[in-house]
1. Among the residues of the stretch 163-198, count how many are assigned to a strand (DSSP E or B) and under 18 Å from residue 102 (Cα atoms).
2. Which condition does residue 525 not pass, out of (1) crowded, with 22+ Cβ neighbours inside 10 Å; (2) under 22 Å from residue 607 (Cα atoms); (3) among the basic types (Lys, Arg), if it passes all the others?
3. Could you say which residue among 188, 194, 221, 214 is touching a Leu at 6+ places or on another chain (Cβ under 6 Å) and among the charged types (D, E, K, R)?
4. Would you mind stating whether residue 204 is free of Cβ contacts under 8 Å to residues at least 40 places away in the same chain and closer than 17 Å to residue 114 by Cβ?
Amino acid sequence: MKFFIFIFILLPQVADAKLFVNKNITGASNISFDKNDNVTIFGGTSFNITNDDSECSAQGSDDDSALGELLSTCNSCTNQFQSCNTNRISDNLILGISFYVDSAPAIGPILITTEQGVEIEQSSFYGNQEPAEPGQVVTAYVEWTELCSVNGTGFCNESAGNIKIKIGIDSDEDGTINTKEGGFVTVKIQNPNKSQDANLSSLDCAKAGVCNFKIFSGNKKSFIGQIKKSKKFPNWEDSIFNQLRVFYSSEGFNKVTPLSNSVDISISPDTSLEEEFIVGPLENGIQYYFRVAVVDESNNIAFITSDEQISNVCSGVEKLTASQCDSCPYCSTPADVVGILTKDLNCFITTATYGSNQSSLVRLFRKFRNKILLKFKFGIWLTKKYYKWGAKGSLVLEKYPVLKIFSGLILTPLAILVWISLNFFYFLSILLSLSSLLLGLKIFLKKNKIVTAVSLLIFSIFLSYPTQNIKAKSILYKKNNYLLKSKTNYLNAKYEFYSIQVGSYTPLNLTGGQSSYTEVYGLSKKFMMLLSYEKNIFSSFGLLSFDLGSGLMSATAYGLKSNNLSERSHEKLLFFLIPNHVSLIYRFQYSSNPFISPYIKAGITAFGIIESPQSSGAQIKLALAPASHMAAGLGINMINWSSSKKELRNDYDMHSFFIFAEYKVYKTLSKKFNLSNNMVSVGLTLGF
């Protein structure tokens with residue numbers, strides 16, 4: 001006996017098979033796979049079709065077998081306000097399930113049985129008796145009538161419920177599917193309208209649909225929000241609703257039907273219907289009318305917004321006037337959203353590249369066209385070609401703003417050549433003057449060899465000074481550390497400072513083409529953060545440094561409607577101000593470790609302005625505005641109170657740690673964008 005057990009253990013064991021079902025099934029309303037790859041096939045039967053199927057148009061099938069339309073679901077939706085399904089199954093429809101079994105013991109026929117192992121009628125299998133191999137992708141066919149009869153009746157309209165079937169390769173041909181030959185598939189047949197009470201929504205919110213909602217206007221889109229759902233939502237009969245379908249039309253509420261354009265919004269038990277969802281794309285300036293329905297897992301559409309519900313809050317179900325649409329929560333008119341930055345007339349590539357048809361470089365190209373190109377046949381031909389292709393090119397640049405970088409790299413050198421051609425004699429005089437100066441300098445140096453030698457010597461010392469003496473300076477600095485604490489001048493011009501500061505700055509004077517900053521974003525104070533880097537360039541008397549950096553200020557608000565600037569759009573705008581600065585800063589600092597450090601600075605700031613609707617796919621608007629700035633501040637060196645100041649200085653070369661306050665004045669240099677204002681800030685500076 002032990003011998004036989006030993007032999008049995010040595011024999012290879014056949015593992016349980018795994019069933020893999022292809023997503024491209026035919027003759028079903030839907031299919032889903034859970035995280036464990038368990039398969040559920042859905043059959044939706046909403047809307048009772050007449051015997052001649054005149055109300056249901058076939059969807060077609062990708063299956064190239066001879067079964068043809070027997071594998072095609074149908075669209076039972078019409079222009080009537082009743083529950084329907086765009087992928088409806090019917091009793092005579094055949095379900096085709098493509099699958100393979102990874103490790104069936106041997107070749108065998110395809111077999112489908114009930115969960116209890118009862119074989120489903122062979123006459124319904126349409127070629128399922130063809131032998132199949134393990135790992136081979138095959139298709140099993142079964143009539144929905146046979147599946148529905150598992151629940152006690154052959155009529156799928158009456159047989160809503162769950163059916164569990166086994167499918168696989170019957171390798172031992174015993175008429176059953178064991179765990180080594182296949183696996184389970186769940187089939188759900190759903191009809192939320194069996195009782196004919198799921199066609200329309202109700203005012204009292206007693207059904208499982210959406211009782212109320214509100215449509216808001218955006219830019220080339222609308223938003224649906226304030227969605228009120230029934231207490232029974234998302235369950236009704238045997239259905240679970242997992243989508244909202246928003247139907248819309250521009251022809252009036254009576255034209256919004258299940259055949260209208262629609263947008264699906266996925267929902268789950270965790271989805272908050274307090275959120276707002278985008279409906280689009282739509283066209284600006286056109287009134288749109290909306291109805292909402294719910295959709296279950298089998299694509300059954302139910303509880304469409306009723307005329308009664310619309311009439312309760314709107315002025316009828318026909319087309320509305322503009323004022324009636326504004327007061328109706330189910331109607332909206334999309335409009336361009338207005339912020340500070342307006343959309344310039346980007347008709348041609350140069351205008352699109354430089355952002356405005358009034359840009360100095362655009363005007364330069366225009367002047368070149370009028371004064372030079374149009375005087376020659378070739379120039380006239382070139383101008384015509386530019387008019388033909390320039391507008392198309394600008395649309396590409398508008399759609400893909402990053403390409404403006406490359407068009408700028410091409411056009412800017414051309415602009416230099418254009419300027420030279422327009423100012424030829426002026427350019428020639430400058431060129432001759434420079435040539436004469438260089439020629440005179442060459443003759444002078446040739447005649448004065450001593451001056452030349454001394455100049456080269458000084459120049460070589462200047463170049464080698466930083467690398468040859470940096471170590472010696474560091475040693476000298478440490479030896480004289482005590483003296484440097486008091487009033488010794490800086491011995492090395494290689495000191496660097498890193499600063500971060502935050503201050504109150506609001507561009508109250510900023511205006512755009514149609515509105516101002518305060519009209520869009522309000523008067524509330526905003527804060528701007530600045531990061532900067534200082535490089536010491538002079539330290540004989542005080543400390544003179546080169547300072548550069550950048551920063552960020554942001555704001556958000558609902559934009560204004562272009563057709564009514566006194567009214568807010570539901571399109572939220574994001575506003576960013578990016579100040580990039582270059583300046584000289586002088587610190588009244590005569591030792592390496594002062595207790596206080598007063599300073600003044602002045603320079604140029606290039607404000608980058610970015611404004612964009614918050615919704616995805618929206619057009620970003622960009623602008624650049626130069627300004628000058630002057631500032632004064634006072635820093636307190638906290639390193640003097642640190643117990644680790646010696647280690648900070650010797651190990652990290654940190655000579656100062658300032659907490660500072662600063663007052664800055666911005667003065668605009670742009671005629672179009674006024675960013676003049678004052679800024680009071682505080683921050684930290686580390687000196688190395």
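None of the figures in this text is laboratory data; all of them are computed from the coordinates on show. Keep in mind it's a predicted model, so treat the numbers as computed, not measured. Because the Cβ atoms are built from the backbone with ideal geometry, glycine has one as well, and the counts that use them run over all protein chains shown.
1. From the stretch 163-198, those assigned to a strand (DSSP E or B) are 163-169, 182-190; that's our starting set.
This time we only want the ones that are under 18 Å from residue 102 (Cα atoms), so: 166-169, 182-185.
Here the count works out to 8.
2. (1)
3. Values: 188 fails: touching a Leu at 6+ places or on another chain (Cβ under 6 Å); 194 fails: touching a Leu at 6+ places or on another chain (Cβ under 6 Å); 214 fails: touching a Leu at 6+ places or on another chain (Cβ under 6 Å).
Result: 221 is the single residue among 188, 194, 221, 214 that is touching a Leu at 6+ places or on another chain (Cβ under 6 Å) and among the charged types (D, E, K, R).
4. Numbers: free of Cβ contacts under 8 Å to residues at least 40 places away in the same chain: yes; closer than 17 Å to residue 114 by Cβ: no.
Answer is no for this residue.
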